[in-house]
1. Yes or no: residue 35 at pLDDT 95 or above and either under 15 Å from residue 108 (Cα atoms) or in a loop (DSSP other than H, G, I, E, B) (or both)?
2. Can you find even one residue in segment 291-298 that is surrounded by fewer than 24 Cβ atoms within 10 Å (Cβ to Cβ) and closer than 30 Å to residue 358 by Cβ?
3. Please enumerate the residues belonging to segment 232-271 that are within 13 Å of ligand 1 (Cβ to nearest atom), farther than 20 Å from residue 211 by Cβ and touching a helix residue (DSSP H, G or I) at 6+ places or on another chain (Cβ under 6 Å).
4. Of all residues in segment 58-71, which are part of a loop (DSSP other than H, G, I, E, B) and within 19 Å of residue 123 (Cβ to Cβ)?
5. So, in segment 274-326, how many residues would count as being within 16 Å of ligand 1 (Cβ to nearest atom), in contact (Cβ under 8 Å) with a residue 24 or more places away in the chain and assigned to a loop (DSSP other than H, G, I, E, B)?
6. Name the residues in segment 197-209 that are within 10 Å of ligand 1 (Cβ to nearest atom) and either crowded, with 16+ Cβ neighbours inside 10 Å or under 34 Å from the mean Cα position of the chain (by Cα) (or both), would you?
7. Can you find a residue that is under 30 Å from residue 43 (Cα atoms) and at pLDDT below 95 anywhere in segment 66-76?
8. Please go through segment 327-344 and pick out each residue that is under 22 Å from the mean Cα position of the chain (by Cα), surrounded by fewer than 21 Cβ atoms within 10 Å (Cβ to Cβ) and not in a strand (DSSP E or B).
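The values are calculated or read from the model by the stated rules, or taken from the named source; none is laboratory data. Because the structure is predicted, anything quoted here is derived from the model rather than measured. Don't worry about glycine lacking a Cβ; one is built from the backbone with ideal geometry, like all the others, and counts go over all protein chains shown.
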Ligand code: AMP
Ligand code: MG
């Protein structure tokens, strides 16, 4: 049996970055940028007002206050989207809206709340009383404040979030070059499996793994392709596993332990190459990895929580590496264990657990329910995997333990 770290290293040594593709802006969300994004214009393209108010010359209002207002004549009304036609001279102001270009001659904007309009509403042809002083440049947003024409706005390797999409739009990019989403084939194995829409007959259970896995693939940034169920014979298993090279990787569940009908490993050795099939961990020691036609293949164990933990430890980093993400490890936090744990000393344990704020180290942690790998509720209720090291067989309440946060993305803490 190899360790979890050895297994991750073996897997990642086989994984290559996927090529880039150009996609419409919104499709780039959550993906890794493959090329720098350069601006075609200054943003903002012109000096503009940060407030609804009056554009004026700050020297004109040097002594202005509520009790001693300065009266200016209003020469123009400038809504957003309009180019000013009149310069602001001494003793003059232009009524200006947020985002409208600042007229020449003006060097400050006083917000409308600090002014008092005349009976005509303080618009062009009338007057306005200014009730405050202004600083040079106050409430004026400068041209090219965000970026200059020709400058890089977004850097290759960055993850595209909503703000990056807004930036790309503001500099004229309707499409972005991003890493392709890994296409992940999902195959469940087992004669006992029926579809979610069916009521299981005698000896049958519903296929839940295809669904939890598809969700994990989506969350990891991949594109799930659920191929269906392989029955527990070599012919059926071979038929689906041989489709592995049509995708960027394939994940199967079940059929990898020591049972009489566990044929996945056998078929993998026949049509592909086996790298390892057992990792010193619990849940889910029979983690199988290899390649079929050069394409990575993961044979995850069948128990629903073993499947999900195996995905988390080995498949998720693979998908992220292919998709161009630099950070491949989830945030970890040390927490104080609130109860004793007994374990087998020969393997790493990943207990489905819940971190809570509190205690000396900032967090306490407790298991989130029954730890049977056949059950999913503790995985659902928990927010972390409590990682308990090999070599230990008893961990006492009060011990500081390492927890892998499943509620936070890689590189976010
Ligand atoms: P196996 O490794 O094939 O012996 O499967 C281990 C356990 O996981 C058995 O109890 C299976 O019934 C269960 N199992 C296997 N595949 C699935 C699946 N797709 N959905 C839910 N449970 C499964
Ligand atoms: Mg099975």
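1. Considered against the rule, which asks whether it is at pLDDT 95 or above and either under 15 Å from residue 108 (Cα atoms) or in a loop (DSSP other than H, G, I, E, B) (or both), residue 35 comes out as yes.
2. No, segment 291-298 has no match at all.
3. Of everything in segment 232-271, those that are within 13 Å of ligand 1 (Cβ to nearest atom), farther than 20 Å from residue 211 by Cβ and touching a helix residue (DSSP H, G or I) at 6+ places or on another chain (Cβ under 6 Å) turn out to be 237, 263.
4. 69
5. Residues in segment 274-326 being within 16 Å of ligand 1 (Cβ to nearest atom), in contact (Cβ under 8 Å) with a residue 24 or more places away in the chain and assigned to a loop (DSSP other than H, G, I, E, B): 9 in total.
6. Listed by number, the residues that qualify are 205, 206, 207, 208, 209.
7. Checking segment 66-76: not a single residue is under 30 Å from residue 43 (Cα atoms) and at pLDDT below 95.
8. Within segment 327-344, 327, 328, 329, 331 qualify.
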